[in-house]
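Read the structure below first, then the notes.
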Amino acid sequence: MDEHRTLWWDEASSVLCFIDQTALPGEVRFVRCDSVERLVDAIRRLEIRGAPALGVAGAYGVVLAAKARRDASGRDQEELQRRFQEEVDRLELARPTAVNLSWGVRRVLSRLEASGDPAAAFESALREAHAIARKDGEICERIGDHGAALIPDGSTVMTHCNAGALACTRWGTALGVVRSAVRQGKLVKVIACETRPLLQGSRLTAWELVRDRIDVSVVPDSSAAFLMRRGEVDLVIVGADRITRGAVFNKIGTYMHAVCARHHHIPFYVAAPHSTFDRTGKEADVVIERRPAEEISWSGSRRVVPEGAGVINYAFDATPLNLVDALITEDGVIRPPFAHLSGCYDDDPYARR
Ligand code: MRU
């Protein structure tokens with residue numbers, strides 16, 4: 001297996017395979033998923049997570065729905081079509097904030113054979129999902145190579161959440177930049193913020209970097225400002241779940257890091273593919289996912305918030321673009337005032353195939 005591959009289609013048995021990210025770092029558990037129902041559950045539970053990975057999962061989810069429709073052919077066509085549409089709708093809404101999920105779903109839907117033949121529709125869906133998955137890895141490497149130019153040799157990079165291979169199909173966006181810099185021979189140290197409450201930084205980012213023998217230290221999220229003040233951080237790079245014309249939506253805590261970085265004159269960079277750009281959405285219209293209270297009030301089997309106390313558990317926040325020093329995309333580095341941003345929205349790399 002490709003060392004950094006985290007999500008792929010198994011041709012022999014026509015199932016979607018992925019690493020269950022909830023089991024890391026203790027166990028590397030592979031899941032074979034053969035239904036949309038199971039996939040929606042995996043997305044909601046964060047077995048699959050991270051914006052580009054959700055885009056690829058959404059694409060293969062439509063393939064699973066098309067497979068179910070093909071295998072059931074012969075039955076009432078209207079009923080099958082209704083069930084197909086229901087599955088696709090549930091998939092698209094499984095998580096609301098990362099735009100990539102609905103992007104991947106719609107991308108594949110738009111390529112389905114118009115003929116109405118379920119077998120042909122399955123084949124078209126599979127071709128398109130494969131193209132999206134293959135491109136994802138290539139795009140991440142391009143993001144990495146462009147972004148590596150922003151990392152001076154000997155830097156310490158702070159990151160938040162996990163924007164690595166696990167959040168994509170391989171290589172990663174923010175961690176892709178680190179990987180590319182290391183591949184170029186630069187010495188890079190990473191500070192991974194643990195990312196409360198689900199610990200994507202300590203469980204996933206640190207796991208990936210340890211596996212790659214890249215120097216990584218995990219810190220509590222609350223120590224970020226202090227480390228910046230002490231001069232222990234040279235730059236911050238994060239990924240994104242959605243970039244509108246005004247703001248970057250990413251894991252809760254990202255905004256706090258951006259404010260602190262600006263205060264300490266530390267560059268704050270966002271690495272993301274064009275599929276993360278939201279062409280039409282306004283910041284106020286973006287649904288920020290709120291996760292269950294139990295993610296905060298329990299630590300394993302121990303209650304850590306008294307009964308009767310409320311819990312506010314937003315999974316993402318919005319960082320105004322004026323706090324971002326550069327956006328790193330597959331086509332290069334965009335600097336403020338982001339005059340080229342409109343170009344990003346108009347330019348769809350998948351259309352160039
Ligand atoms: O809730 P998660 O773990 O899906 O949140 C993921 C993030 O916020 C990532 O930073 C983002 O998706 C970018 S991944 C390249």
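The values are calculated or read from the model by the stated rules, or taken from the named source; none is laboratory data. Please read all numbers here as calculations on a predicted model, not as lab measurements. Neighbour counts are summed over all protein chains in view; Cβ atoms, including those assigned to glycine, are modelled from backbone coordinates with ideal geometry. Accessible surface areas use protein heavy atoms only, side chains included; no ligands, DNA or RNA. Shrake-Rupley method; radii C 1.70, N 1.55, O 1.52, S 1.80 Å.
In summary, no helices (runs of 4 or more DSSP H) completely within segment 54-149 bear 3 or more residues that are under 16 Å from the mean Cα position of the chain (by Cα) and more than 16 Å from the ligand (Cβ to nearest atom).
Residues that are of a type outside the set (K, R), out of contact with any strand residue (DSSP E or B) (no Cβ under 8 Å at 6 or more places or on another chain), modelled with pLDDT under 95 and more than 30 Å from A318 (Cβ to Cβ) within segment 86-118 comprise L112, E113, A114, S115, G116, D117, listed in sequence order. Would you check if there is a residue in segment 218-231 being closer than 25 Å to V56 by Cα and within 16 Å of the ligand (Cβ to nearest atom)? Looking for residues that are closer than 25 Å to V56 by Cα and within 16 Å of the ligand (Cβ to nearest atom), one finds none in segment 218-231, hence no. Pairing residues of segment 241-258 that are among the hydroxyl-bearing types (S, T, Y) with residues that are near the ligand (Cβ under 8 Å from one of its atoms), at Cβ distances under 7 Å and at least 6 apart in sequence or on separate chains, gives T254/H160; T254/V238.
Put simply, of T169, T156 the only residue that is at pLDDT 95 or above and assigned by TED's automatic domain parsing to the domain that holds V259 is T156.
Would you please name the residue that is nearest to the ligand (Cβ to nearest atom), looking only at residues in segment 254-273 that are among the hydroxyl-bearing types (S, T, Y) and under 13 Å from D317 (Cα atoms)? Looking at the filtered set, the residue picked out is T254. Inside segment 4-24, can you point out the residues that are of a type outside the set (A, V, I, L, M) and either at pLDDT below 95 or away from the ligand (no atom under 15 Å from the Cβ) (or both)? Answer for segment 4-24, where residues must be of a type outside the set (A, V, I, L, M) and either at pLDDT below 95 or away from the ligand (no atom under 15 Å from the Cβ) (or both): H4, R5, T6, W8, W9, D10, E11, S13, S14, C17.
Considering only segment 216-240, how many residues are part of a loop (DSSP other than H, G, I, E, B), more than 12 Å from I191 (Cβ to Cβ) and without any contact (Cβ under 8 Å) to a residue 24 or more places away in the chain?
Residues flagged as part of a loop (DSSP other than H, G, I, E, B), more than 12 Å from I191 (Cβ to Cβ) and without any contact (Cβ under 8 Å) to a residue 24 or more places away in the chain within segment 216-240 amount to 1.
So in segment 25-53, with the set limited to residues that are more than 11 Å from the ligand (Cβ to nearest atom) and farther than 22 Å from E295 by Cβ, which one is surrounded by the most Cβ atoms within 10 Å (Cβ to Cβ)? Once the filter is applied, the top-ranked residue is V36.
Out of the residues in segment 234-253 that are open to solvent by 10 Å² or more (accessible area, probe 1.4 Å) and away from the ligand (no atom under 11 Å from the Cβ), which is modelled with the highest pLDDT? Applying the filter and picking the extreme gives D234.
Every condition in (1) within 29 Å of E138 (Cβ to Cβ); (2) in contact (Cβ under 8 Å) with a residue 40 or more places away in the chain; (3) basic (K, R) is met by R38 except one, and the failing one is (2).
For segment 60-72, indicate whether the set of residues that are open to solvent by less than 20 Å² (accessible area, probe 1.4 Å) and modelled with pLDDT under 95 is non-empty. Yes, because at least one residue in segment 60-72 is open to solvent by less than 20 Å² (accessible area, probe 1.4 Å) and modelled with pLDDT under 95. Looking only at residues that are open to solvent by 30 Å² or more (accessible area, probe 1.4 Å) and in contact with a Leu (Cβ under 8 Å, 6 or more places away or on another chain) in segment 187-214, which one is nearest to T254 (Cα to Cα)? The selected residue is L198. Looking at R245, R213, R203, just one residue is in contact with an Asp or Glu (Cβ under 9 Å, 6 or more places away or on another chain) and assigned to a loop (DSSP other than H, G, I, E, B), and that residue is R245.
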